[in-house]
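Undergrad: Input: one structure, supplied below.
The values are calculated or read from the model by the stated rules, or taken from the named source; none is laboratory data. Only a predicted model underlies this, so the values are computations on that prediction, with no experimental measurement involved. A quick note on method: Cβ atoms are made from the backbone with ideal geometry, for glycine too, and the neighbour counts reach across all protein chains shown. Ligands, DNA and RNA are excluded from the accessible area calculation, which covers all protein heavy atoms including side chains. Shrake-Rupley method; radii C 1.70, N 1.55, O 1.52, S 1.80 Å.
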Amino acid sequence: MANWVDRLAQQLAREGGSRSRLADAAVAASAITVAPVLYATRPVSAAELIRRTCADCPAGSRCCGGFSAFCCTLPNADNYGCPEGTFVGGWWQCNYSGAGLCGTTNRRYYIDCNVRPNHRCPGGCHCGNNDCGNFKTCCVHFRYGQCNTQIGAITAIMCRLVTCIIPCRIECLNCSCSSAVDQVTCRHNAGCL
């Protein structure tokens with residue numbers, strides 16, 4: 001039993017952060033319950049072992065819908081660029097009439113951050129930030145394909161960015177101006193945009 005207590009104490013000290021000690025202890029206890037040997041013997045965080053998927057969520061949760069997560073809903077990510085290990089795989093647009101980001105331009109451009117070939121999604125297919133209220137990450141394998149055409153693979157979408165500027169005018173994205181339009185995606189939104 002002392003080994004488990006020592007391991008738990010070391011892991012809590014390592015993970016630190018702004019979460020409360022009680023929350024850290026709950027996540028660590030869950031990791032011990034789900035994968036005790038792996039948690040005790042490998043340098044893996046408790047959060048990496050506890051992944052929430054659609055099967056863990058109530059009916060109607062965003063995680064169970066068809067859209068992919070916005071990057072700004074993922075840990076250590078934002079709406080300013082694709083996360084490490086991903087590339088811009090494509091984009092599409094919709095005529096936006098809502099408030100918030102792009103509310104004054106009336107057009108939104110959604111950019112997919114696909115996982116690079118030979119990389120894997122951290123945690124596999126799961127709810128963004130392990131929250132049923134977020135869309136899913138690393139579950140949908142799809143690519144519009146107007147960006148970075150030198151990468152031929154169709155890989156999982158880790159997350160999406162939103163911009164008010166057509167992606168082919170943002171040089172660092174390496175996208176063509178070949179447009180795809182999907183009005184339904186204008187309903188795809190998050191509070192962090």
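Undergrad: Could you pull out every residue, at least 5 positions away or on a different chain, whose amide H is within less than 5 Å of the one on Thr86? Hs are placed 1.01 Å off N in the peptide plane, and Pro or chain starts have none.
TA: Long-range HN contacts for Thr86: Arg116.
Undergrad: Turning to a different aspect of this structure: What is the Cα centroid distance between the range 160-193 and the range 87-151, reported in whole angstrom?
TA: After rounding, the separation between the Cα centres reads 9 Å.
Undergrad: While we're on this one: With every protein chain present, what is the per residue accessible area of the range 117-193 (1.4 Å probe, Å²)? List each step's numbers first, then the result.
TA: Values: 4060 Å² over 77 residues.
It amounts to 53 Å² per residue over the range 117-193.
Undergrad: Another question, then. Round to a whole number: what % of the accessible area of the range 65-110 belongs to carbon and sulfur, probe 1.4 Å? Before the final figure, lay out the partial values.
TA: Working: 940 of 2020 Å².
Carbon and sulfur together cover 46 percent of it.
Undergrad: For the ranges 88-94, 99-105, 54-60, 152-158, what's the packing order if you count other beta-carbon atoms within 10 Å of each residue, average per peptide, and put the highest first? Don't skip to the end; give the middle numbers.
TA: Values: 88-94: 22.3, 99-105: 13.3, 54-60: 11.4, 152-158: 19.1.
Output ranking for 88-94, 99-105, 54-60, 152-158: 88-94, 152-158, 99-105, 54-60.
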